[in-house]
Amino acid sequence: GNRARARTDELREFARGPKMKNRLFLLVRRFSLGVAALAFCVTALATAIPSAPADHIYDPDFLVTRATSAYLHAELESFQTQNQFNVYLAILTASPDLLADYAAELNDSWNSAGYGVVIVFSPPRGEARVVPSPELSLRENGDELTRVFRGTCAPALARGDFSGATRDGTEMVLKRLHQIREQLAQEKHPQSHLPRAWLLGGAASPNVAAPP
């Protein structure tokens, strides 16, 4: 009787074993797929490109003051009116990718027509990147414009003044871009009058006072 009962138990265990293994396998597989799907969603959210900001400034973490943001908005609007192309400013705590790669992605998305410039600045990390669209045919490339931004914003950044650093660097890049456009126009049409929009002065608007 004991031998028969043991044999019966062995048969039940044998029949039960593969089912348990299959169940465990399915559970592990479903868990793995769930983790993979979650990782994909997190990655997609982290690297998603935001829409082009209507006021030319993307500051999701509010790293600059309202006064600075309003001032730079006016400056960027004025520049766009004078030079017929957009300059967007993205201020980030940290970029989801390498800053240079993320800046290029923003420029491709925000300046889809091929004419524009994107300035990406991470004050907490002291990183910056300026990316002009190739179609602008500017004399200075992104590396040179990036050096202009970094060099100008360095004093305020050393004081921990994120707003001042953003303002100073952006203003200098706008002025340099305006100078480059004027030089190119003069070289192309040395005997003709420059377009009125390019003769209105520097990139800074005379009617807008910089915040303290």
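The values are calculated or read from the model by the stated rules, or taken from the named source; none is laboratory data. Computed from a prediction, not measured in an experiment: that's the story for all the values here. Here Cβ is always computed from backbone atoms with ideal geometry, including for glycine, and neighbour counts include all displayed protein chains. Protein only, heavy atoms only, side chains kept; ligands, DNA and RNA dropped before computing areas. Shrake-Rupley method; radii C 1.70, N 1.55, O 1.52, S 1.80 Å.
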query = Does the range 166-176 hold any residues that are in contact with a strand residue (DSSP E or B) (Cβ under 8 Å, 6 or more places away or on another chain) and not hydroxyl-bearing (S, T, Y), and which are they?
reply = G169, V173, L174
inquiry  = Name the single residue that is farthest from the chain's Cα centre (by Cα) among those in the range 140-167 being among the charged types (D, E, K, R) and open to solvent by less than 40 Å² (accessible area, probe 1.4 Å).
reply    = E140
key: Failed condition for A197, given (1) among the small types (G, A, S); (2) in a helix (DSSP H, G or I); (3) surrounded by 16 or more Cβ atoms within 10 Å (Cβ to Cβ); (4) at pLDDT below 95   = (3)
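Please work out which residue is nearest to S112 (Cα to Cα), limiting yourself to the range 58-85 and to residues that are open to solvent by 40 Å² or more (accessible area, probe 1.4 Å) and touching a Phe, Trp or Tyr at 6+ places or on another chain (Cβ under 9 Å). Quick ask: steps written out before the conclusion?
As a first pass, look at the range 58-85 and keep what is open to solvent by 40 Å² or more (accessible area, probe 1.4 Å): 58, 60-62, 65-67, 70, 73, 77, 80-81, 84.
Applying the additional criterion that residues be touching a Phe, Trp or Tyr at 6+ places or on another chain (Cβ under 9 Å) yields 58, 65, 84.
On the way: Y58: 17, T65: 29, Q84: 15 Å.
Taking the candidates together, the pick is Q84.
Going residue by residue through the range 123-139, is there one that turns out to be in a helix (DSSP H, G or I), open to solvent by less than 20 Å² (accessible area, probe 1.4 Å), under 19 Å from H56 (Cα atoms) and out of contact with any Lys or Arg (no Cβ under 6 Å at 6 or more places or on another chain)? Give the derivation first.
Kept after step one, since they are in a helix (DSSP H, G or I), are these residues of the range 123-139: 134-136.
Okay, now just the ones that are also open to solvent by less than 20 Å² (accessible area, probe 1.4 Å), so 136.
Filter again for under 19 Å from H56 (Cα atoms), leaving 136.
Now drop any that are not out of contact with any Lys or Arg (no Cβ under 6 Å at 6 or more places or on another chain), which leaves 136.
Checked the range 123-139: at least one residue is in a helix (DSSP H, G or I), open to solvent by less than 20 Å² (accessible area, probe 1.4 Å), under 19 Å from H56 (Cα atoms) and out of contact with any Lys or Arg (no Cβ under 6 Å at 6 or more places or on another chain).
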task = Of the numbered conditions (1) open to solvent by 90 Å² or more (accessible area, probe 1.4 Å); (2) at pLDDT below 80, Q186 fails exactly one; give the number of that condition.
result = (2)
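Table: residues versus (1) of a type in the set (K, R); (2) at pLDDT 90 or above; (3) over 18 Å from the mean Cα position of the chain (by Cα).
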{"residue": "L45", "(1), (2), (3)": "no, no, no"}
{"residue": "I49", "(1), (2), (3)": "no, yes, no"}
{"residue": "A67", "(1), (2), (3)": "no, yes, yes"}
{"residue": "A70", "(1), (2), (3)": "no, yes, yes"}
{"residue": "H73", "(1), (2), (3)": "no, yes, no"}
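Looking only at the range 86-95, which residues are crowded, with 17+ Cβ neighbours inside 10 Å and not polar (S, T, N, Q)? Outline the logic, then answer.
First, pick out the residues of the range 86-95 that are crowded, with 17+ Cβ neighbours inside 10 Å: 86-92, 95.
Of everything in the range 86-95, those that are crowded, with 17+ Cβ neighbours inside 10 Å and not polar (S, T, N, Q) turn out to be V87, Y88, L89, A90, I91, L92.
Look at V118 and say whether it is at pLDDT 95 or above, of a type in the set (A, V, I, L, M, F, W, C) and under 12 Å from the mean Cα position of the chain (by Cα). Working first, answer last.
Values: at pLDDT 95 or above: yes; of a type in the set (A, V, I, L, M, F, W, C): yes; under 12 Å from the mean Cα position of the chain (by Cα): yes.
Here the answer is yes, as V118 does meet what is asked.
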